[in-house]
Structures are given as structure tokens and as C-alpha cells.
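Quick note: the coordinates plus some simple rules give every number you see, no bench work behind them. Nothing here was measured: the structure is a model prediction, and the numbers come from that model.
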């Protein structure tokens, strides 16, 4: 075996192991029982994803809906809950998205002294504070809507399912 083949096989096995690690999905904000996603959604026709005006609801391989903030954020418009025929999502259970949004200080250019307000501009909830003109942090006003995530030029804003 050549050295290049050895490193290639080692790298592919490491990559495969990290791909198989299950990620906690960020679910739409209109539910109060996450177990219903696995019970009801795999047999559903995914109307929640088709009616989403900002197209952030995606359907995972297991048939359950999750939020993808890579292009936009949630407007809390109620359309997904109104379209859900199996009552996994209901308007009565409207709440904030169950996720933690934070800014990585190691990756944020503003923490390095570059003036950047890309995350603050789309935030309608005034949830991002700056110390002077730099060093942003997310405060308790955050609804985890995700609008700031796709706007960050260096992908320093992270979101984790809770």
C-alpha cells in the first residue's frame, strides 16, 4: 500500500465516523411533545415544509421536519402549524424555537477588531449587544429565529438544539 492510499483510507474512515454522529435536530416552534415527530411525521406528506414562506423547514431522512437556517430565519408566521394535519405542530403550542444561539468569539471578526454589524442588522428582537463598536454577544431577547446566522460573513454564529 502506498503512503497516499494509507492516508486517504484513514481520512475517509474518520470522515465517515463523524458523518454518522447523530445531530440534534432543531424542530419548528409549534410543538410541545418532541416524541410526536418520530411517531407521526414519517407517515405525513410534509405540508409544513411546503408551506414555509422562507423555506427553512426541511425533511430529514427519517421523515421528521427540522429547521435549516443557512439561508433565512423563522418568521413565526404560523403557516406550518396550520398545515400540520397530524397535530404535531399546533398554533396553540407556539413558542420560541428550542435552540441556543451564540457567537463564537474565536471566529467572529468583530472580536478581532473589525467593525462588522452583519448579525445585528437582521435582528428584529434587539438580541445582539455590542461592547462599544465591537465584541457582539447574544442577550436574553433572542428568540432563536435564526435570521442572524446566514448573514454572518464568517459563519461565527452557531445554533445548537436544546
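Taking all Cα pairs closer than 8 Å and separated by 6 or more residues, the relative contact order of the chain comes to 24 percent. Each Cα pair under 8 Å and six or more residues apart adds its separation to the average, and for segment 70-142 the resulting relative contact order is 21 percent. In the chain, helical runs assigned H by DSSP with n ≥ 4 each contribute -39500 (n - 2.57); averaged across all residues and rounded to the nearest 500, the mean residue ellipticity at 222 nm is -6500 deg cm²/dmol. Below 8 Å between Cα atoms, with a sequence gap of 6+, how large is the relative contact order for segment 17-94 in percent? Rounded, it is 38 percent for segment 17-94.
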